Amino acid sequence: MRSPWAMRTKREPSATYVFCLVQSARPPSLRGVPGSVPGAGAPRVLSVDRGLWAAVADAPLDRFSSERLQEDLQDLETVSRHALAHASVVEFFFRKAPVIPLQLFTLFSEDERARQQLASRGPALRKLFARLRGLEEWGVRIIADPSAVAPAASGRKTPDDSSPPSGRDYLRTKKRLLDQAAEPPKAAMKDVNAALKSLGRVAASVRRQPFPPPGRNRPLVAGASFLVKTRKRAQWKKHVASLTAVLATRGHRLEMSGPWPPYHFASPGK
């Protein structure tokens, strides 16, 4: 019987789908591993280098061809199903050992090609694993009080303004209203930035996340991903709870998620 981490001889044309890299002295256990991404084979483990493993799956080419993937990428529901399954597998291994998540739809032509390409990056990967050891990612999003958004001017004429508005006046008024609606209040910006800065002092690293700018009927939303030492998890959660309470008194809402694998920090140079 072949070991579950050996390279497979495929019976049908198939690529190798890679979920993540795992650092472990022994082959990571597959007991309880969740289902694969739609259309792919069951997750398995591929030996990459000494102490380095890849969580992979067979990806039939009729389902994972470039043409089919381009179609899938246009369908939000299909992408979401793949992303959830991909994340479930990554997080399964993260609970057992340090991992480096790979992007959705990371494919190699075969196991040997995947092994060679990943092994060639061995020194950089080992440095990255060393940098991420003992760390976990947390996500924070802060929604500012919608009522704190600066009110826009009504644009109506004053009683003593009897002159008919021109087309240019109309466009100027419309632009002013849009500018005012999109401008977040300084007090809210100060609260949000102070909270994120405070959380950053507890974290080992921070990456601000982009959100749509505030506007009419759209509140100010800001957030970041934080890389936190696992041994500081209790301190982190206590600090988040304290900030959440303070922000709530000002009408703002803080939402936290995690712990996660280091999705936003797991590439060389970051």
What share of Cα pairs, in percent, lie more than 21 angstrom apart in the range 37-145? 45
Please give me the summed charge of the neighbours of Gly223: other residues whose Cβ is under 11 Å from its Cβ, Lys and Arg +1, Asp and Glu -1. +2
For Gln235 and Arg81, what is the calculated FRET efficiency with R₀ set at 45 Å and r taken between the beta-carbons, to the nearest 0.05? 0.80
Report, by chain and number, residues whose modeled amide H sits under 5 Å from the one on Ala15, excluding near sequence neighbours (fewer than 5 apart, same chain). Ala59, Leu61
Simple spin-label model, 7 Å along Cα-to-Cβ: Arg26 to Ser65 in nm? 4.3
Please turn the phi angles of the range 248-262 into ³J(HN,Hα) values with the Karplus equation 6.51 cos²θ - 1.76 cosθ + 1.60 (θ = phi - 60°), one per residue in order, whole Hz, x for glycine and proline. 4, 5, 9, x, 9, 10, 10, 10, 10, 9, x, x, 10, x, x
If I take R0 = 51 Å and measure r between the Cβ atoms of Arg121 and Ala245 in this structure, what FRET efficiency does the formula 1/(1 + (r/R0)^6) give, to the nearest 0.05? 0.70
Could you tell me the extents of the range 54-107's C-alpha atoms along the three principal axes, largest first, rounded to whole Å? 35, 21, 13
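Any read-out appearing in this document is the output of simple, stated calculations on the displayed coordinates, not a laboratory observation. No experiment lies behind these values; they were computed from the predicted model shown. All Cβ positions, glycine included, derive from the backbone under ideal geometry; neighbour counts span all protein chains shown.
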